[in-house]
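Some notes on the structure that comes next.
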Amino acid sequence: MSKTITLTFTLNGRQVRLETRPGTRVLDLLRGEMGLTAAKEGCGSGECGACAILVDGTAKLSCLMLAAQLEGREIVTAEGLGTVEHPHPIQASLAENGAVQCGYCTPGMTIAAAELLAHTPCPDRGEVREAISGNLCRCTGYVKIVDAVMAVSRTTGEKNS
Amino acid sequence: MSAFSSNSSGQRFHHRDTLSKAVGAERYSTDFTPPGCLWAGVKRAGVPHARIIAVHSEEARAVQGVTSVLTRADVPGTNRQGIVHKDQPVLAGSVVRHAGDPVALVVAESREALAEALACIRLECEPLPGIFDPELALKPDAPLVHPDWETGNLLARGLVDKGDAQQAMQACEVVVEGEFETPMQEHVSLEPPNGAARMTAKGVLEMIVSTQAPFRDRFEIAHALGLNPMSIRIRAPYLGGAFGGKDGATVQCLLALAALKSGGRWVRMDWGREETFLAGYKRHAARMRIRLGATRDGVLQALESTMYFDSGPYAHLGVEIMALGLEHSGGAYRIPHTRMEGFCVYTNNPVGGAFRGFGVVQAIFAIERIMDVLAARLHMDPGELRLKNALRPGEQNCAGVAMQSPSGACECLETVMAHPAWADRMAWKAKAPPFKRRGVGIAASCNAMGYGRGLPDAAAAKLELTREGNFKIFNSVADMGQGNAPAFVQLAATALKQEASRFELVQPDTRLCLPAGSSSASRTTYTFGNALLRACEAMREKLIARAALFLLVDEPNRLCLKPGEVADEATGRSVPLSMLGAMLQRDDRICVDQFVMPVVENPPDTGKEFKLGFPHVFFSHGACLCAVEVDELTGQVELKECVTAVECGRVLNPRGVEQQVQGAAAQGAGLALMEKFSTQGGRILSGDLSTYLIPTALDLPDLECATVDGDEPSGPLGLKGMGEVGIHGPAPAVAQALGDAVGLTVRSVPVEPEDVLRALRGEKS
Ligand code: FES
Ligand code: FES
């Protein structure tokens with residue numbers, strides 16, 4: 001049980017080297033030892049999406065990942081997308097469009113949306129719904145979340161064109 | 001026109017508040033893990049009804065890192081929790097009454113040690129026969145959940161009536177009847193119940209909890225554990241959702257007990273999702289028999305209804321929920337003669353509790369369904385039948401209380417009936433693709449606001465001018481995501497004519513903030529908002545009076561507040577707020593005021609059993625339209641359109657109303673089509689999010705919201721509460737739509753594909 005391993009990975013743009021037990025859940029590692037609490041625990045079993053993070057650009061559920069899986073990867077949490085002072089466009093858009101109520105699902109939503117927009121800069125509403133369908137939100141009924149992602153996609157789309 | 005939509009600074013604040021959530025910077029109670037804290041967890045019974053012989057904990061005590069294992073014998077005080085009726089043990093000692101009952105509390109240095117210790121606690125017990133149906137529980141030979149309770153398994157019976165329903169029913173030209181059921185429903189707030197606690201060196205029990213009622217929690221904990229309530233300090237940061245599930249003790253008493261035994265160290269408790277399913281409160285399952293009598297042209301005359309609420313083994317808020325259910329049995333309609341009887345019954349099922357719509361969801365489902373039966377019998381359009389009978393201002397509801405103006409039942413119905421999805425439904429249905437059938441349904445609803453008579457619905461607000469000339473609002477009611485916190489800033493900013501960015505909001509803290517009731521009953525913005533507006537008025541007067549001293553003005557009333565200053569327009573001179581803040585002593589910079597919600601002045605002579613929460617004086621109104629498409633091959637139902645209209649007084653913040661309505665409608669849609677909380681013999685069959693499904697983004701259409709403007713003279717800037725009214729529509733509207741599409745008679749929800757296929761095969765449901 002007490003065997004530890006040393007991991008090296010990138011976390012929110014910074015190189016990290018740490019010792020931990022290989023079986024530690026990534027969610028606990030982030031929220032505990034690393035002090036990054038944006039990823040939330042809503043179910044602990046892969047059903048809600050609140051714990052989502054980007055692993056090499058792909059949204060993954062950190063409650064289902066073990067520490068050893070981080071080796072050599074590039075990890076981005078919602079904190080790594082942006083801050084209050086410099087929010088990521090999707091974070092700003094969710095806040096501006098009334099898509100944040102209790103906000104507990106929101107960091108996970110930002111991860112799902114960021115992944116979508118990275119691959120599909122101008123999605124339609126159906127594609128947005130599909131992309132966030134692994135992220136449960138109990139407060140909003142999703143409409144404003146979809147609106148918020150569409151608003152960003154339009155901005156990005158304009159920039160791209 | 002909204003008072004706020006022109007207030008761009010208000011929008012900025014809203015942005016700041018939500019942005020910190022969006023970037024993951026906001027700290028919920030679940031994010032508060034002090035270094036070196038202990039972890040507490042609970043061993044749950046796992047059997048629905050049993051006599052406890054022993055709780056074997058020796059092995060758990062021996063696990064390395066375990067600091068204490070506590071059982072009933074370690075609980076000081078009464079060991080009884082509950083909001084009104086205190087019948088729920090903190091730790092069960094002699095009897096287990098439902099599978100989620102806690103039998104031991106473990107505290108450990110790490111989560112691993114905690115999990116290991118919990119796994120090796122063994123409950124030795126003698127199973128007892130259980131009772132799982134509220135009606136069967138009332139039979140004379142039913143096993144008793146609380147053998148010493150005088151009325152057997154009957155927790156409470158209530159009767160609300162008006163006129164002479166029996167006689168009026170006999171005289172009716174048309175009488176329809178039916179039996180309907182609504183299931184237990186799980187809140188699934190994304191943040192499960194959790195908190196942290198410690199004993200300070202001064203003997204104060206300090207807690208940070210995800211709670212809807214920080215002020216009330218102190219008394220609940222104190223009663224259960226024999227403490228002085230004033231030696232308990234509770235802080236409630238933003239909640240990650242609650243919907244009623246955090247109204248009443250979840251972790252509170254257990255966590256407090258753990259802290260009492262942990263020598264001043266912080267202790268954390270986090271319920272997992274499955275534990276929340278097992279031990280958390282559920283919407284009460286209800287069975288309702290209802291008879292409705294009318295004239296041949298569809299004017300309602302008489303209503304008789306009987307409701308059975310499954311309370312589970314503890315009262316929690318069951319009696320108060322039943323009171324609201326009976327009060328709404330007649331829905332948003334004018335019915336001269338009524339008799340509504342209710343039974344709230346103990347069983348060995350999970351514990352029933354508060355959930356958005358608080359007894360009204362059940363009642364509205366039954367009355368709306370029977371209205372559909374009546375419409376079919378009379379060959380009337382279901383919308384027209386509703387409109388014909390909808391309550392108008394001044395008319396009495398089914399409990400005999402006259403509707404104060406505004407009362408927008410008709411306007412809400414008219415709004416959804418004018419929507420193309422209703423007006424053009426024939427054409428839309430005719431265009432159904434191959435192997436699909438379409439249907440459209442409509443429903444009306446209302447929802448009382450506030451606690452009702454018997455318990456003062458009160459709040460006190462504190463507002464401070466800081467030394468820098470900004471303002472601190474000491475918020476007393478938790479924000480569980482409904483947005484009252486930013487609404488308070490908007491109210492205060494508007495009242496004091498200041499930019500919203502000048503306001504800081506202190507989240508509920510029983511040491512710093514003044515007492516207020518819970519965050520529930522669609523009351524927070526109304527009650528605390530009114531208190532806050534009064535405190536703002538006191539602040540305005542004070543600022544003007546103090547500024548007059550500086551400006552040497554002997555008629556302070558000619559001074560006025562402007563952004564950042566108090567100005568004298570006659571002379572063009574002004575005093576910056578920062579100067580006032582720097583000059584005044586702290587006592588003088590604080591303004592405090594309170595508000596108590598009015599109650600019905602001459603309450604009708606009925607519902608005497610209900611000491612708390614009956615009747616209500618204010619109601620919000622709603623109407624809902626749902627369009628569904630059914631797959632003939634699979635029986636799958638797709639919700640294609642859901643339009644909700646609400647009347648909730650003046651609309652100050654249209655987006656805030658939309659947010660609440662869309663969220664509520666989504667929960668209503670879940671209830672209609674997918675949220676099946678199944679139990680068998682007291683055991684939960686759908687114990688996690690892979691078996692209890694709530695709507696995802698792919699299960700819902702773009703939920704639409706329309707508002708009907710009212711103006712509630714007693715409300716802060718004319719508003720009423722509206723957190724709940726949007727949840728009622730989808731279940732009955734979807735039910736009607738399925739009748740329309742495939743002839744299915746829906747008597748209970750959620751509707752499953754099998755039900756639809758049976759109807760398609762022409763089988764009677
Ligand atoms: S906590 Fe990871 S998916 Fe729910
Ligand atoms: S905003 Fe509360 S769960 Fe999504």
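The values are calculated or read from the model by the stated rules, or taken from the named source; none is laboratory data. Source: prediction; values computed, not measured. Positions of Cβ are generated from backbone atoms using ideal geometry, with glycine treated the same way; all protein chains shown enter the neighbour counts. Protein only, heavy atoms only, side chains kept; ligands, DNA and RNA dropped before computing areas. Shrake-Rupley method; radii C 1.70, N 1.55, O 1.52, S 1.80 Å.
Per residue of B:662-668, other chain Cβ atoms within 10 Å of the residue Cβ number 5 on average.
Based on the alpha-carbon gyration tensor of the protein assembly as shown and its eigenvalue square roots a ≥ b ≥ c, which shape applies: rounded if a/c is under 1.5, prolate if not and a/b is larger than b/c, or oblate?
Working: a/c = 1.27, a/b = 1.10, b/c = 1.16.
Since a/c stays below 1.5, the shape of the protein assembly as shown is classed as rounded.
Under 12 Å from the Cβ of B:Asp372, count the other residues' Cβ atoms, weight Lys and Arg +1, Asp and Glu -1, and hand me the total. Walk me through the numbers before you get to the answer.
Working: positive: B:Arg369, B:Arg377, B:Arg386, B:Arg747; negative: B:Glu368, B:Asp381, B:Asp740.
It works out to a net charge of +1.
Distance from the Cα centroid of segment B:521-542 to that of segment B:712-765 is 36 Å (rounded to whole angstrom).
The amide H of B:Met403, built 1.01 Å from its N in the peptide plane, has B:Gly394, B:Glu395, B:Gln396, B:Asn397 as neighbours under 5 Å, considering only residues 5 or more places off or on other chains. The angle separating the long axis of helix A:106-119 from the principal Cα axis of greatest extent in chain A is about 70 degrees.
Would you mind classifying segment B:113-211 by shape? Square roots of the alpha carbon gyration tensor eigenvalues, ordered a ≥ b ≥ c; an a/c under 1.5 is rounded, otherwise it is prolate if a/b is larger than b/c and oblate if not. Prolate, since a/c reaches 1.5 and a/b exceeds b/c.
Can you give me the accessible area per residue for chain B, using a 1.4 Å probe, in Å²? Each step should come with its number before you reach the end.
Working: 26390 Å² over 765 residues.
Ligands and nucleic acids excluded, the result is 34 Å² per residue.
A helix-only calculation puts the protein assembly as shown at -8500 deg cm²/dmol for mean residue ellipticity at 222 nm, using -39500 (n - 2.57) for each DSSP H run of at least four residues, averaged over all residues.
In a shell of Cβ-Cβ distance under 13 Å around B:Val596, excluding B:Val596 itself, what net charge do Lys and Arg (+1) and Asp and Glu (-1) give?
Details: positive: B:Arg453, B:Arg523, B:Arg534; negative: B:Asp457, B:Asp593.
Result for the neighbourhood of B:Val596: +1.
Counting Cβ atoms of other protein chains within 10 Å of each Cβ in A:42-49 and taking the mean gives 6. For segment B:18-37, a decrease in accessible area of 20 Å² or greater in the assembled protein chains relative to the isolated chain, with a 1.4 Å probe, applies to B:Thr18, B:Leu19, B:Lys21, B:Ala22, B:Val23, B:Gly24, B:Arg27, B:Tyr28, B:Thr30, B:Asp31.
By the rule of a C-alpha distance below 19 Å, with chain neighbours fewer than 8 residues away ignored, the aspartates and glutamates paired with B:Lys431 are B:Glu629, B:Asp631, B:Glu632, B:Glu638, B:Glu641, B:Asp740.
Ignoring lysines fewer than eight residues from B:Lys261 along the same chain, the ones with Cα atoms less than 19 angstrom from its Cα are B:Lys43, B:Lys202.
With θ taken as phi - 60° and the Karplus curve 6.51 cos²θ - 1.76 cosθ + 1.60 applied, the whole-hertz 3J(HN,Hα) list for segment B:635-645 is x, 5, 10, 10, 7, 8, 8, 9, 10, 10, 10 Hz, x standing for glycine and proline. So, counting K/R as plus one and D/E as minus one, what does the shell of residues with Cβ under 12 Å around A:Val146 add up to? Charge balance near A:Val146 sits at -2.
Carbon and sulfur: what percent of segment B:301-433's accessible surface (1.4 Å probe)?
55
Of the DSSP H helices in chain B, those with a Cα length along their own long axis of 15 Å or more and a mean Kyte-Doolittle hydropathy reaching 0.5 comprise B:360-378, B:484-496, B:730-742.
What dipole magnitude, in Debye to the nearest 20, does the protein assembly as shown give about its Cα centre under +1 on Lys/Arg Cβ and -1 on Asp/Glu Cβ? Show your work: numbers first, answer last.
On the way: 92 positive and 105 negative charges, 282 e Å.
In total the dipole reaches around 1360 debye.
Extension gain for B:His379-B:Arg157 works out to 76.3 nm (0.36 nm per residue, less the C-alpha to C-alpha distance).
The relative contact order of segment B:647-765, computed from alpha carbon pairs under 8 Å that lie at least 6 residues apart in sequence, is 37 percent.
Let a ≥ b ≥ c be the square roots of the eigenvalues of the Cα gyration tensor of chain B; is it rounded (a/c under 1.5), or, if not, prolate (a/b larger than b/c) or oblate?
Working: a/c = 1.75, a/b = 1.10, b/c = 1.59.
Here chain B falls in the oblate category.
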